[in-house]
Amino acid sequence: MKVLFIKNRNFLYLFCFSFFVLFLSFFISLINFSTSFATELSKNSFFNINVTDTLDDIAKSSEKRAYLTFDDGPTIKATGKILDILKEENVKATFFVVGKHVKEYPELVKREYEEGHYIANHGYNHNNKLLYKDMESFRNEVVSTDLEISKAIGIDNYCSHIFRFPNRLYVTYLF
């Protein structure tokens, strides 16, 4: 067993300070829930100014709010039941949908949209190896999902402008 003895007190202080900064940086990266801003990926879509105003209002408000979100759908097993409960309780939610499931159950996404819920992007395959492979793969995941949402809800060039990364703790606003 080796023991390290540091004779120079200044070096010890520098070492401790460096370790503290490294630890603090790591801890902050784990709890950083701030939004990220990125370039809009949908070529022909436009950004609705009302969405910008709404996001600004949310960020500046001191009112306590809770936002209900659902990921990984739609699914035949749960989505219909969830929509029934939300309708009964007069509650709106955001559905972060997976493109391949949208393609499979477009009628559920259309129902979500028609009942006033927000449809947001959660990638096409929900597969980390594909999504995080490179920028082109990431772009394809986002654009493919927006395309499936467009088909399901009947709106050309739909872009939710909000993307929730699968298996991550944050949401990115795509402007």
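Taking region 79-99 as the range and being open to solvent by 40 Å² or more (accessible area, probe 1.4 Å) and either of a type outside the set (Lys, Arg) or in a helix (DSSP H, G or I) (or both) as the test, the residues that pass are 81, 82, 84, 85, 87, 88, 89, 90, 91. The numbered conditions (1) assigned to a helix (DSSP H, G or I); (2) free of Cβ contacts under 8 Å to residues at least 60 places away in the same chain; (3) open to solvent by 40 Å² or more (accessible area, probe 1.4 Å) are all true for residue 143 except (2). Restricting attention to region 118-140, the residues that are open to solvent by less than 10 Å² (accessible area, probe 1.4 Å) and either within 17 Å of residue 74 (Cα to Cα) or not in a helix (DSSP H, G or I) (or both) add up to 5. Residues in region 100-117 that are touching a strand residue (DSSP E or B) at 6+ places or on another chain (Cβ under 8 Å), surrounded by 19 or more Cβ atoms within 10 Å (Cβ to Cβ) and assigned to a helix (DSSP H, G or I): 101, 108, 109, 112.
When you check residue 160 against the structure, is it touching a strand residue (DSSP E or B) at 6+ places or on another chain (Cβ under 6 Å), under 27 Å from residue 53 (Cβ atoms) and either part of a loop (DSSP other than H, G, I, E, B) or of a type in the set (S, T, N, Q) (or both), yes or no? Yes, satisfied. The residue that is least open to solvent (accessible area, probe 1.4 Å), among those in region 146-157 that are among the small types (Gly, Ala, Ser) and over 23 Å from residue 81 (Cβ atoms), is 150. Scanning region 67-78 for residues that are surrounded by 11 or more Cβ atoms within 10 Å (Cβ to Cβ) and either more than 19 Å from the chain's Cα centre (by Cα) or under 18 Å from residue 144 (Cα atoms) (or both) turns up 71, 72, 73, 74, 76, 78.
The values are calculated or read from the model by the stated rules, or taken from the named source; none is laboratory data. Please read all numbers here as calculations on a predicted model, not as lab measurements. Cβ: placed from backbone, ideal geometry, glycine included. Neighbour counts: every protein chain shown. When the accessible area is computed, the model is the full protein with side chains, heavy atoms only, and any ligands, DNA or RNA have been set aside. Shrake-Rupley method; radii C 1.70, N 1.55, O 1.52, S 1.80 Å.
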